[in-house]
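The values are calculated or read from the model by the stated rules, or taken from the named source; none is laboratory data. None of the values given here were measured: they were computed from a predicted structure. Cβ: placed from backbone, ideal geometry, glycine included. Neighbour counts: every protein chain shown. The area values use the complete protein model at the heavy-atom level, side chains included, leaving out ligands, DNA and RNA. Shrake-Rupley method; radii C 1.70, N 1.55, O 1.52, S 1.80 Å.
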Amino acid sequence: MIKGLFPKAKKLKSPSFDDFDLKEHSYISWIDIRANHRKYIIAYYQNKLTGIYGSFDPLQQKGICTLCGKHGEVGLFVAKVKGIRRDMSIKRGNYICQDSLNCNRNLTTLDKLNTFIERLQK
Ligand SMILES: [Zn+2]
């Protein structure tokens, strides 16, 4: 099921999701350290389970998270999105919490998460 969300990700390793439940968490995220610290994010977007992934570089200084809006330990999440032409892709970066569970707890609305997914999905 998880693999189907990331058709382009090669050698996808996902953790078991016994500990996670998307009813309790707005999004699920994990980092694959074997694939260059690639970060995967799964969330419901327009009632559909959606996956996005990109590189993740933790910042040395604190910043504001794009998803929960809190000031804390963040990292730069960079995902490739389609450009204007089909053969083009552009990189889009967002600062998001390093601690996804904490970030989930801080979410008071899904608006930012939805906007985030919408921008990176294309
Ligand atoms: Zn956050």
For C65, the net charge from surrounding residues (Cβ-Cβ under 13 Å; K, R +1; D, E -1) works out to +2
Accessible surface ranking that places the most exposed of E73, E118, E24 first, with a 1.4 angstrom probe
E24, E73, E118
Determine the relative contact order of segment 2-121: mean sequence separation of Cα pairs under 8 Å and six or more apart, normalised by residue count, in whole percent.
20
Mind ranking I117, I90, I64 by accessible surface for me, highest first, 1.4 Å probe?
I64, I90, I117
Phi-based couplings in Hz for segment 32-40 (Karplus 6.51, -1.76, 1.60; Gly and Pro marked x)
9, 6, 6, 9, 6, 6, 6, 10, 10
What are the ³J(HN,Hα) values, in whole Hz, obtained from phi via the Karplus relation 6.51 cos²θ - 1.76 cosθ + 1.60 with θ = phi - 60°, for each residue of segment 95-111 in sequence order, with x given for Gly and Pro?
8, 9, 4, 6, 9, 5, 5, 4, 4, 4, 5, 7, 5, 9, 9, 8, 4
Rg to Rh ratio, the chain, alpha-carbon atoms and Kirkwood radius?
0.94
Could you go through segment 73-87 in sequence order and give the Karplus-derived ³J(HN,Hα) for each residue, using 6.51 cos²θ - 1.76 cosθ + 1.60 with θ = phi - 60°, rounded to whole Hz, and x for Gly and Pro?
6, 10, x, 8, 9, 10, 10, 8, 10, 5, x, 5, 8, 5, 8
A chain fully extended from D57 to Q98 at 0.36 nm per residue, minus the present Cα-Cα distance, gains in nm 13.8 nm
Expected output is a single nm value to one decimal: the length gained when fully extending between L76 and I90, i.e. 0.36 nm times separation in residues minus the C-alpha distance. What is it?
3.5 nm
Where nothing but the Cβ of Lys and Arg (+1) and of Asp and Glu (-1) is charged, how large is the charge dipole of segment 42-103 around its Cα centre, in debye to the nearest 20?
380
I'd like the accessible area for C68: 1.4 Å probe, protein heavy atoms, all chains in place, Å² to the nearest 10.
20
Could you work out what % of the accessible surface of segment 1-110 is carbon and sulfur, using a 1.4 angstrom probe and leaving DNA, RNA and ligands out of the count?
49
Which residue, R34, R105, R85, tops the fluctuation ranking in a GNM of the chain built on C-alpha contacts under 10 Å?
R85
Give the long-range amide H neighbours of L67: residues separated by 5 or more places, or on another chain, with amide H under 5 Å away, using H modelled in the peptide plane at 1.01 Å from N.
C97
